[in-house]
Amino acid sequence: MDYITISRFSIPVMWLAFFGAVFYLDYRLKAEHKPTVNRIDRFVWQYLLVWKLSYIVFSFEQFKESPTSILYFDGGIAGHVLALLSIGFVIWKKQKEMQIPVLLTAWFHFVSMYHIIYFALTGHWLLLGIWVLLALGSMKWRVQWLLIAQWFLIGWVSGLDSYFVFGFVFIILLDAWWTKKTQLLALAIIAGLISTMLSEFELKRQAVVQEEIKLQTTTGETYQISEQDESYVIVNFFATWCLPCNAEMPHLQRFASNLPADTQIIGVNLTARDHGEEALEDFLNKYGVTYPILLDVDDVFGKGYGVLSIPTTVVLKDGIEIQRFVGPVSEQQLRKIVEK
């Protein structure tokens, strides 16, 4: 997840894009389809509420240790499914009042504007241009074909881990149910398979050889990655004053307590950017951290690894960076990377 850092506050870009897309949707469709757009607004907030609060249900232990973690985490796949089921139930109950074609159009515009805002804020100009062209395509092509194009593009760029995957599955199934036609469903399956293969290729192509870490730990020992036997090394850069760092700690410790085979996790305290030894000791005691914590006193590796926002977590395989998380990372996300 990308963040915009203002002073010591990290604002998720996805939330800025989300709220921007909601406001745009109201502006774009409300005058012509007010009742349906009002219903869609309620669906959006219902989905968001169920999805976020499901974190308490499915990760209660982590929530109990760090209640602020609900700001950064959610119920994962189970939370998405629960939220979609709640919306599906409402649509089924109110199907006579629903204008499904308007719902499909609204979803298309919402997804388009979300990605336009997101890539504009993160500076991905090529992807921004592609999404702008796709949005303009609504003036010429049928929305069903444009939805397939969106689905393909998201699968290619973000893989099937994107938050939008579940929404697209729901929308495509809804269209097949409403029109009694399966062409869109068949095309979506083909586009999903092709985009997933392209996404896997892109991840392999972007692998980066990273500088080897060699630092002292909080116990006075010297830690060097090349001397470790494990193939996967999870490197978490953090500071004690950082709220998202506090939020993710129960997840990291839970992961460390039950490490997958051939995997280890280390924390790199950005000591040069932090509040000192005592603050670090209190922080580690508070969360019962048992994995090695390294001290980057001169910010050598923080700068070397290009860590601008914290927390940042880098997944190395045999010294090669294969994944990077900017912002808090969950236990489930880490397991998905090293266990696949």
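The values are calculated or read from the model by the stated rules, or taken from the named source; none is laboratory data. What you are looking at is a predicted structure, and each value in this text was computed from that prediction instead of being measured. Cβ sites come from the backbone with ideal geometry, for glycine too, and all protein chains shown count toward neighbours. All accessible areas refer to the heavy atoms of the entire protein, side chains included, with ligands and DNA or RNA removed. Shrake-Rupley method; radii C 1.70, N 1.55, O 1.52, S 1.80 Å.
Numerical summary
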| quantity | calculated |
| --- | --- |
| Correct choice for mean projected area of the Cα convex hull in nm² that was computed from the model, options [x] 18.0; [y] 21.4; [z] 24.0 | [x] |
| Share, in percent, of DSSP beta bridges within segment 202-340 that are antiparallel, nearest 5 | 65 |
| Spin-label proximity, residue 227 to segment 301-340 - amide N less than 15 Å from point 7 Å beyond Cα toward beta carbon | none |
| Helix-only mean residue ellipticity at 222 nm for the chain, each DSSP H run of n ≥ 4 adding -39500 (n - 2.57), per residue, nearest 500 | -19000 deg cm²/dmol |
| Euclidean distance between Cα centres, segment 19-88 to segment 253-301, Å | 32 |
| Computed E for residue 318/residue 77 - FRET, C-beta separation, R0 35 angstrom, nearest 0.05 | 0.75 |
| Segment 17-121 - charge dipole about Cα centre, Lys and Arg +1 at Cβ, Asp and Glu -1, debye rounded to 20 | 400 |
| Separation in nanometres of the label points that stand 7 Å from Cα toward Cβ, at residue 19 and residue 173 | 3.2 |
| Computed lengthening from residue 181 to residue 339, 0.36 nm per intervening residue step minus Cα-Cα distance | 53.1 nm |
| Antiparallel content of DSSP bridges confined to the chain, in %, to 5 | 70 |
| Mean accessible surface per residue for segment 215-340, computed with a 1.4 Å probe while every protein chain stays in place, in Å² | 43 |
| Over 31 Å (Cα to Cα) - which of 52/214; 52/181; 34/93; 180/336; 64/96 fall in this group | 52/214; 52/181; 180/336; 64/96 |
| Sulfur and carbon atoms: percent of accessible area, the chain [1.4 Å] | 63 |
| Heavy-atom SASA rank of 254, 142 (probe 1.4 Å, accessible area, largest first) | 142, 254 |
| Inter-label distance for residue 218 and residue 163, nm, one decimal - labels placed 7 Å from Cα along Cα-to-Cβ | 3.2 |
| Mean Kyte hydropathy of 1.0 or more with a Cα span along the axis of at least 18 Å, helices from DSSP in the chain | 13-29, 76-93, 100-122, 143-158, 164-179, 183-205 |
